[in-house]
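So the structure is just underneath, and the comments pick up after that.
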Amino acid sequence: MASSSAGFVAGLTAAAVATVGFLGWQASATAPAALGSAKPTVPPAVSASKAARDGDDPTKLPGGTGTGPRVVYALDDDRVWLVDQGEKVVRTFRVEPGTVDPAPGVYLVSSRSNAITGTDGVPVEHVVRFASVNGVVIGFSAEAGAAAQPADDGVKTGGIRETREDGDAMWRFATIGQRVVVIR
């Protein structure tokens, strides 16, 4: 009897492994090709140098950030713009960057988490990840239940912190595959 139970369990295990393998293959076959890429691409419409700014209105979207729906993140200004299909800025806000910045370029949102603990030990929500630099994952997030705080300089963090309201807006806007344009 023991040998027939072992055979039954082995058969179930083999079926489960085959099913998981098939589902993994199916998911990879239907995912966008660039989704797993954490390396930036810079199309001709996006300049890797400092984008032109409007000195009278720092909230105005800088030129040279491409077209179509996108998240624009200005490293030097610590500001984000959410731009819709019609080239309208639907929201702009300041952020508190982590200690590690992504290189200027164009990325795709690669993963999201509703709630996790950040690398600095702070509970965060609405995490939108789009890059990785030397093993440090870069993404937008909001502290759960608190206002954005500066990152501890002793910890390498890629969390770009937003207020909860801005984090909610980012969460609704930046779904998997959404472009994130990083400029100086």
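Return the loop-located GluC sites (Glu not before Pro) in the range 75-150 (DSSP other than H, G, I, E, B) with at most 13 other Cβ atoms within 10 Å of their own Cβ; answer none if there are none.
Glu87
Going from the alpha-carbon gyration tensor of the range 52-133, what semi-axes, largest first and in whole Å, does one get by taking the root of 5 times each eigenvalue?
24, 15, 13
In whole percent, what relative contact order does the range 52-112 give with Cα contacts below 8 Å and a gap of six or more residues?
21
DSSP loop (so not H, G, I, E, B), at most 10 other Cβ within 10 Å: list which trypsin sites (Lys or Arg not before Pro) in the range 59-164 pass both filters.
Lys88
Pull out a ≥ b ≥ c, the square roots of the eigenvalues of the alpha-carbon gyration tensor of the range 69-183, then state rounded if a/c is under 1.5, prolate if not and a/b is larger than b/c, and oblate in the remaining case. Present the calculation step by step, with values, prior to reporting the outcome.
Details: a/c = 1.56, a/b = 1.32, b/c = 1.18.
Prolate, since a/c reaches 1.5 and a/b exceeds b/c.
Since every read-out is calculated from the coordinates, none of them should be taken as a lab result. These figures come from a predicted structure and were not determined experimentally. Using ideal geometry, Cβ is built from the backbone for each residue, glycine included, and neighbour counts are taken over all protein chains shown.
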